[in-house]
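Written out below as structure tokens is the structure these notes cover.
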Amino acid sequence: MKILIIGTGYVGTTTGLIFCELGHKVTGLDLDEQKIQALQTGKLHFYEPGLEALLKKHIDSHNITFTKDTETAIKENDLIFICVGTPQGPNGSADLIFVKNVAASIGQNINHYKVIVTKSTVPVGTATLITKVIEENQTAPIPFDVVSNPEFLREGSALQDALNPDRIVIGTTSETARTIMRELYKDFDCPIVETHPKASEMIKYAANSFLALKISYINELARVCDNLAINVKDVSNGIGLDHRINPHFLKAGLGYGGSCFPKDVNALIQTAKEQGNPISILEAVVKVNADQPVYFIEKVKQALGSDLKNKTIAVLGLSFKANTDDTRESPSFILINRLLEEQATIKTHDPIVKMGAPHQFPTIEETVAGADALVICTDWDDYKQLDWESLKPLMKQLYIFDGRNMIDKEKVEKLGFYYFGVANH
Ligand code: UGA
């Protein structure tokens, strides 16, 4: 099939490359000249393990090309995936400006039957909206179908996730489009959920919100466990082994961040409100998530003293989780901003994120030098096996605050450090 991917972010680029792996010819369209130039030369404009090698492979074999030419790209392709951003609007709902612009371009340039697929996370009713915008922009009534096919891959493991999905969701009312989508995904060995576009759009929000709910649940439980000196990791393990609960997304930490959970939970809250059926449980999820860094800062203040003015704090990790350079809604920045409000001196480190961080140092040693405390914010592997013996003489005071419960508490305590985790007893 000749496939057009509109929007070359991590979802669009990964999706396009997976289709190349399945033997299709793919065009990536983006209005951002710099992104297109980088991708054409086999360079990713974001960090995602394993993806650049796949990009180079399919560029070399001419399976994927990138362009800024909207008209030709739409005319020459039969299957169009919309992978543009749907950022959070001012009232919490998703801003569909980019989706609407794409739909208008499709309407203006459609020259024969096409299937238009939304991969972007879009609110319930967007398939209908896209249909309307395309129709309004057509000069002649050329037939097309709109399909909702949400993506469930995670940043940092995008390739693995996209190649091994738990399920594929196809939302359409058209038999023709359904047949094309079944053919596209025929090599995947996972359940295919075929449903109405509205249900498909809801599945994506419901999935992300449920995962966020699990995280907020374990985080709030962790605070109680902390008071009772219970190790929350044991509790996660003990409940996660129940297959009805499962062990995933039960790691207590500093709260969820990223470009998806915060935005998608808010958008579902907004959708529910608009329908007159507020989902109060999700409002609690957001509140618990906002409170989690505050709970952690309190730990720092209890240990170091409430006045952080003359304290130097080394913050390890800036991305919202390991294996990505994405810092959107990163708990690290929430923590850093709070510490700066308390007038602490901040030194930061990240193995991949290099831009825009205050007081960033290239090595861990330089970051912790002279620090009163070290705070681990991101679960990078680099921080799991730190050489604590060599870091010890560099620090002014030996406080470790482990926001990811990833350090061997016994080991560091034996070396003389004071260790504080998220109910990591
Ligand atoms: C999330 C979903 O997991 C994907 O299925 C979805 O496709 C994606 O959003 C999206 O909508 O595009 P992502 O935001 O890349 O993926 O990252 P996650 O691995 O889900 O982590 C989100 C946040 O939750 C991170 O800050 C992470 O550190 C945190 N988290 C995750 C925890 O605090 N505890 C956990 O047990 C798991």
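The values are calculated or read from the model by the stated rules, or taken from the named source; none is laboratory data. This is a predicted model, so every value here is computed, not measured. All Cβ positions, even for glycine, are placed from backbone atoms using ideal geometry, and neighbour counts span all protein chains on display.
Only one of these is closer than 27 Å to Val294 by Cβ, at pLDDT 95 or above, of a type in the set (D, E, K, R) and away from the ligand (no atom under 11 Å from the Cβ): Asp189, Asp226. Name it.
Going through Asp189, Asp226 in turn, just one is closer than 27 Å to Val294 by Cβ, at pLDDT 95 or above, of a type in the set (D, E, K, R) and away from the ligand (no atom under 11 Å from the Cβ): Asp226.
Would the stretch 312-323 turn up any residue that is away from the ligand (no atom under 16 Å from the Cβ) and either farther than 27 Å from Glu155 by Cα or at pLDDT below 95 (or both)?
Yes; the residues of the stretch 312-323 include at least one that is away from the ligand (no atom under 16 Å from the Cβ) and either farther than 27 Å from Glu155 by Cα or at pLDDT below 95 (or both).
Let me spell it out: the conditions are (1) farther than 23 Å from Leu184 by Cα; (2) more than 21 Å from the chain's Cα centre (by Cα); (3) not β-branched (Val, Ile, Thr), and Gln88 meets all of them except one. Which number is the exception?
Looking at each condition in turn, Gln88 falls short on (2).
Filter the stretch 151-207 down to residues that are farther than 19 Å from Val122 by Cα and acidic (Asp, Glu) and give me whichever is nearest to the chain's Cα centre (by Cα).
Ranking the qualifying residues of the stretch 151-207, first place goes to Asp161.
Being surrounded by 15 or more Cβ atoms within 10 Å (Cβ to Cβ) and under 19 Å from Phe333 (Cα atoms) narrows it down to one residue among Ile400, Ile407; which is it?
Ile400
Out of the residues in the stretch 323-350 that are among the hydroxyl-bearing types (Ser, Thr, Tyr) and in contact with a strand residue (DSSP E or B) (Cβ under 7 Å, 6 or more places away or on another chain), state the one that is nearest to Pro262 (Cα to Cα).
Checked the stretch 323-350; the qualifying residue nearest to Pro262 (Cα to Cα) is Ser332.
Collect the residues in the stretch 358-416 that are of a type in the set (Asp, Glu) and assigned to a loop (DSSP other than H, G, I, E, B), keeping them in residue-number order.
Within the stretch 358-416, Asp372, Asp379, Asp387, Asp408 qualify.
Would you mind finding the one in Val133, Val102, Val124, Val146 that is surrounded by fewer than 23 Cβ atoms within 10 Å (Cβ to Cβ), of a type in the set (Val, Ile, Thr) and more than 16 Å from the ligand (Cβ to nearest atom)?
Being surrounded by fewer than 23 Cβ atoms within 10 Å (Cβ to Cβ), of a type in the set (Val, Ile, Thr) and more than 16 Å from the ligand (Cβ to nearest atom) holds for just one of Val133, Val102, Val124, Val146, which is Val133.
Restricting the search to the stretch 153-173, which residues are within 12 Å of the ligand (Cβ to nearest atom), buried (at least 16 other Cβ atoms within 10 Å of the Cβ) and in a loop (DSSP other than H, G, I, E, B)?
Leu153, Arg154, Glu155, Gly156, Ser157, Pro165
Return the pair list, or none, for Cβ contacts closer than 6 Å from residues in the stretch 246-264 that are farther than 20 Å from Val232 by Cα to residues that are in a helix (DSSP H, G or I) and within 6 Å of the ligand (Cβ to nearest atom), at least 6 apart or on different chains.
Close Cβ pairs satisfying both conditions: Cys260/Asn208; Phe261/Asn208; Asp264/Asn208.
Tell me, please, whether a residue that is more than 16 Å from the ligand (Cβ to nearest atom), assigned to a helix (DSSP H, G or I), out of contact with any Cys (no Cβ under 7 Å at 6 or more places or on another chain) and in contact (Cβ under 8 Å) with a residue 60 or more places away in the chain can be found in the stretch 195-216.
Yes; the residues of the stretch 195-216 include at least one that is more than 16 Å from the ligand (Cβ to nearest atom), assigned to a helix (DSSP H, G or I), out of contact with any Cys (no Cβ under 7 Å at 6 or more places or on another chain) and in contact (Cβ under 8 Å) with a residue 60 or more places away in the chain.
Taking the stretch 234-266, which residues are farther than 26 Å from Pro87 by Cα, in contact with a Leu (Cβ under 9 Å, 6 or more places away or on another chain) and assigned to a helix (DSSP H, G or I)?
Of everything in the stretch 234-266, those that are farther than 26 Å from Pro87 by Cα, in contact with a Leu (Cβ under 9 Å, 6 or more places away or on another chain) and assigned to a helix (DSSP H, G or I) turn out to be Val235, Ser236, Asn237, Ile239, Gly240.
Counting just the residues of the stretch 374-425 that are closer than 25 Å to Ala229 by Cβ and polar (S, T, N, Q), which one comes out farthest from the ligand (Cβ to nearest atom)?
Gln397
Identify, from the list Asp264, Asp234, Asp307, the residue that is surrounded by fewer than 17 Cβ atoms within 10 Å (Cβ to Cβ) and within 16 Å of the ligand (Cβ to nearest atom).
Asp234
Can you spot a residue in the stretch 351-373 that is within 16 Å of the ligand (Cβ to nearest atom) and in contact with a strand residue (DSSP E or B) (Cβ under 8 Å, 6 or more places away or on another chain)?
no
Just the residues that are part of a loop (DSSP other than H, G, I, E, B), closer than 26 Å to Ser157 by Cβ and over 22 Å from the mean Cα position of the chain (by Cα), please, taken from the stretch 17-76.
Hits for the stretch 17-76 are Leu22, Gly23, His24, Thr41, Gly42, Ser61, Asn63.
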